[in-house]
1. Write down the Kirkwood hydrodynamic radius of the chain, to one decimal in angstroms, obtained as one divided by the mean of 1/r over all alpha carbon pairs.
2. How far apart, in nm, are the 7 Å Cα→Cβ label points at residue 42 and residue 20?
3. Nearest 10 degrees is fine. How inclined is helix 8-34 to the longest principal axis of the chain, computing both from alpha carbons?
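Each reported figure results from applying straightforward, stated rules to the coordinates on display, with no laboratory input. Everything numeric here is computed off the predicted structure, so don't read it as measured data. Backbone-built Cβ (ideal geometry, glycine too); neighbour counts: all protein chains shown.
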Amino acid sequence: MLGFFWPLWLICLFFLILIWSAVWKAIALWKAGRNNQLGWFVALFIINTAGLLEIIYLLAFQKKIKER
């Protein structure tokens, strides 16, 4: 059987998407946990969307901080 090798650009793209997703997931999980939003925390933890759901949460659904 001949070996199959992934092209280097595809491997790099995969790791870039992995890092992108991990950063957004970490930020969104942190914010959801700090705001006691258990439903969002569980959804963000389980559903993998390459950072899209996390960005939507951060922009539209997290609790706003009251300005002093």
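1. Roughly 13.7 Å, rounded to one decimal.
2. Placing both labels 7 Å along Cα→Cβ, they lie 3.0 nm apart.
3. Relative to the chain, helix 8-34 is tipped by roughly 20 degrees.
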